[in-house]
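Handing you this structure, nothing more for now.
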Amino acid sequence: TGCADVRLLGRVGADSAAWHERELAAAGVRPRLVVDPAAATGTVICLVDTGAAAERTFLTDSGASLRLEPADWSDALLDGVARLHLSGYLLFTEPSRELAETALVAARARGVPVSLDPASAGFLVRLGVDRFLAFAEGLDVLLPSRDEACLLTGLPDPVDAAAKLSRLVPLVVAKAGADGALVARSGSAPVRVPATPAVPRDTTGAGDAFTGAFLASLLAGADPEGAAARGCRAGAEAVQRVGGRPPCAGRAD
């Protein structure tokens, strides 16, 4: 499942702005990249273990990416848009959190539903669960990992955690890797969507692949459970590839 019009707002250093513009355009994404005069483009080094789960550890220099600010936002970004998706990383610095709040308010004013992926349990601890949940009250869809859902609720069981979160955010989809996903709506008992079987080589990007396919499927008319199944298939495809980028026509992997 694809999406005909995807737009990305980001902040990059002058060192690689043109490269990112080309790569995003080649992948069918319309970039709106703000060039930061003082910081380099963010860099993430992924270390993937050789175990059966192919789990990864990140070494991150966020660089320009966490210097997004309200002035980088334009309401015109929402023209003709059916959904807005925010990265949870935006909440971890003051300027980018203000941008996320600005974008959320603008989307709500236009009736555009907003989704968010919390991004990192470690960052949630630093931000504070209460601060995150206060922001989440304005969301329509929350896409945490299983661990993030448990952290946000203080509950050890992901099923209970997803149900509790869905009393705050109407639709919660908790991603659980090889255990598939949990879909919870407005406090009801979550529905478990099974994973697509796969032999993982590198789990980098699997959660983002799930999210992208899930949201595109919703736009195409799927119900949340069907969209989650498509997300599971996309995640399975991602873990069988080395690296975090999807295949792109005309580009050597």
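The values are calculated or read from the model by the stated rules, or taken from the named source; none is laboratory data. None of the values given here were measured: they were computed from a predicted structure. No Cβ is skipped: glycine too gets one built from the backbone with ideal geometry, and neighbour counts run over all protein chains shown. Calculation scope for accessible area: heavy atoms of the full protein, side chains included, ligands and nucleic acids excluded. Shrake-Rupley method; radii C 1.70, N 1.55, O 1.52, S 1.80 Å.
Using a 1.4 angstrom probe on heavy atoms only, work out the carbon and sulfur share of the accessible area of the chain in %.
55 percent
Once ligands and nucleic acids are excluded and a 1.4 Å probe is used, how much of L152 is accessible, expressed in Å² to the nearest 10?
Looks like 10 Å² after rounding.
Would you mind counting up the charge near E148? Only other residues with Cβ under 12 Å from its Cβ, with Lys and Arg at +1 and Asp and Glu at -1.
Values: positive: R146, K175; negative: D117, D147.
So the environment of E148 carries a net charge of 0.
A further question follows. DSSP H helices in the chain with Cα extent of 18 Å or more along the helix axis and mean Kyte-Doolittle hydropathy at least 1.0?
206-219
Same structure again: Could you tell me the relative contact order of the stretch 68-239? Use alpha-carbon pairs under 8 Å, at least six residues apart, and round to a whole percent.
Reported relative contact order: 14 percent.
Next up: So I have [x] -0.84, -1.06, -1.22; [y] -0.64, -0.88, -1.12; [z] -0.38, -0.85, -1.38, and one of them is log10 I(q)/I(0) by the Debye sum over Cα atoms at q = 0.09, 0.13, 0.16 Å⁻¹ calculated from this model. Which one is it?
Computed from these coordinates, log10 I(q)/I(0) by the Debye sum over Cα atoms at q = 0.09, 0.13, 0.16 Å⁻¹ corresponds to label [z].
Would you check the accessible area of C3, probe 1.4 Å, heavy atoms only, in square angstrom rounded to 10?
60 Å²
Which one, A228, A189, A174, is farthest towards the positive end of the dipole of the stretch 68-239 when Lys and Arg carry +1 and Asp and Glu -1 on their Cβ?
Of A228, A189, A174, it is A189.
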